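The values are calculated or read from the model by the stated rules, or taken from the named source; none is laboratory data. What you are looking at is a predicted structure, and each value in this text was computed from that prediction instead of being measured. A quick note on method: Cβ atoms are made from the backbone with ideal geometry, for glycine too, and the neighbour counts reach across all protein chains shown.
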Amino acid sequence: MTEPVPFGARLRAAMETRGPLCVGIDPHASLLRDWGLSDDVAGLERFTRTTVEALADRVAVLKPQSAFFERFGSRGLAVLEKAVAEAREAGALVLMDAKRGDIGSTMGAYAATYLDRDSPLFSDALTVSPYLGFEALRPALDAAHAGGAGLFVLALTSNEEGREVQRAVREDGSSVAATMLRHLASENAGAAPLGSFGAVVGATLGDLSDFDLDVNGPLLAPGIGAQGATPADLPAVFGDAVRNVVPSVSRGVLRHGPVTSGLRDSAARFADEVWAAVN
Ligand SMILES: O=c1ccn([C@@H]2O[C@H](COP(=O)(O)O)[C@@H](O)[C@H]2O)c(=O)[nH]1
């Protein structure tokens, strides 16, 4: 049996051909309303299909926010499942933003859900929370290795409230976030062209030169658009690590729907601004 191509290699190739932008699929009730859709499964389905059809053939990564689908129960999950398949079919990498994290034995079930290639919700990568301990993520790390998938570990999140946990200082004097970054660097050691295990690091956070962001893996940077960060902020926030940044925008693009050209033009503008900022 041939080994799957690791997520890091697939992501690097997508970043080079399509640019590094990630667009989030976040069907907020308010966006459904703004798009003239009903706040029900039919509205969810239409919103999601429109977004996937508009963007999956051009952006590197689509990031469905699972919460907005789970809110509709099993029928919402069916919409999510279809969107994942169609987005991947059209060439986008799918990053499932579900922020899973639990003790190892339960983490194994999350890994089977999102990282096993035979699962209906298999995604190219998954966001995970390491606050039950990085090592509790081991079943997901192993499953990602086996399936050629990736993980994005919450390290320095875009919201101000994250600071009290992530910047807390451990007995050895290092912060929790720095510890997570160190774990990631060790998981990615020797991987080329890019490791498969990334960190979530908000674009909203200002100067992060106190942190070693060189984890040889991707850095998902949410917070652009509705949360106030812009692509022009990226070099100051990420320094040399900017080459590994996957800038992420959800509402900033989605508010330009439901017309396909509105979504596409908005994503293209963000992509151009990212290119101008990082090159
Ligand atoms: O630190 C984090 C981690 C994840 N997110 C998620 O990204 C999107 C942001 O949406 P916008 O509309 O672009 O603000 C959303 O799904 C969050 O759950 C984040 O914002 N910050």
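Before moving on, here are some points about what is shown:
- The sole residue among ALA9, ALA54 that is crowded, with 23+ Cβ neighbours inside 10 Å, closer than 25 Å to ALA271 by Cβ, touching a residue at least 40 places away in the same chain (Cβ under 8 Å) and more than 15 Å from the chain's Cα centre (by Cα) is ALA54.
- Here LEU93 qualifies as within 22 Å of LEU11 (Cβ to Cβ) and either within 16 Å of the ligand (Cβ to nearest atom) or in contact with a Lys or Arg (Cβ under 7 Å, 6 or more places away or on another chain) (or both).
Conditions (1) at pLDDT 95 or above; (2) of a type in the set (Lys, Arg); (3) in contact with an Asp or Glu (Cβ under 6 Å, 6 or more places away or on another chain); (4) more than 14 Å from LEU95 (Cα to Cα), marked per residue:
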| position | (1), (2), (3), (4) |
| --- | --- |
| SER123 | yes, no, no, no |
| PHE134 | yes, no, no, yes |
| ARG138 | yes, yes, no, yes |
| HIS145 | yes, no, no, yes |
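- Filter pass, LEU208 being buried (at least 16 other Cβ atoms within 10 Å of the Cβ) and closer than 14 Å to LEU156 by Cβ: yes
- Checking ALA140 against (1) more than 16 Å from the chain's Cα centre (by Cα); (2) more than 12 Å from the ligand (Cβ to nearest atom); (3) small (Gly, Ala, Ser), the condition it does not meet: (1)
- Qualifying positions in segment 24-40 - part of a helix (DSSP H, G or I) and within 24 Å of the chain's Cα centre (by Cα): ALA29, SER30, LEU31, LEU32
- When GLY202, GLY147 are screened for being away from the ligand (no atom under 16 Å from the Cβ), of a type outside the set (Ser, Thr, Tyr) and surrounded by 20 or more Cβ atoms within 10 Å (Cβ to Cβ), only GLY147 passes.
- Options ALA85, ALA78, ALA60; residue that is among the small types (Gly, Ala, Ser) and either touching a strand residue (DSSP E or B) at 6+ places or on another chain (Cβ under 8 Å) or closer than 18 Å to VAL245 by Cα (or both): ALA60
- Selection from segment 214-229 of residues that are away from the ligand (no atom under 12 Å from the Cβ) and either farther than 19 Å from GLN166 by Cα or buried (at least 23 other Cβ atoms within 10 Å of the Cβ) (or both): VAL215, ASN216, GLY217, PRO218
- The residues of segment 13-33 that are more than 19 Å from ALA67 (Cα to Cα) and either within 16 Å of the ligand (Cβ to nearest atom) or surrounded by fewer than 18 Cβ atoms within 10 Å (Cβ to Cβ) (or both), listed by number, are ALA13, GLU16, THR17, ARG18, PRO20, LEU21.
- Here ALA236 fulfils each of the conditions (1) of a type outside the set (D, E, K, R); (2) surrounded by fewer than 23 Cβ atoms within 10 Å (Cβ to Cβ); (3) in contact (Cβ under 8 Å) with a residue 40 or more places away in the chain apart from (3).
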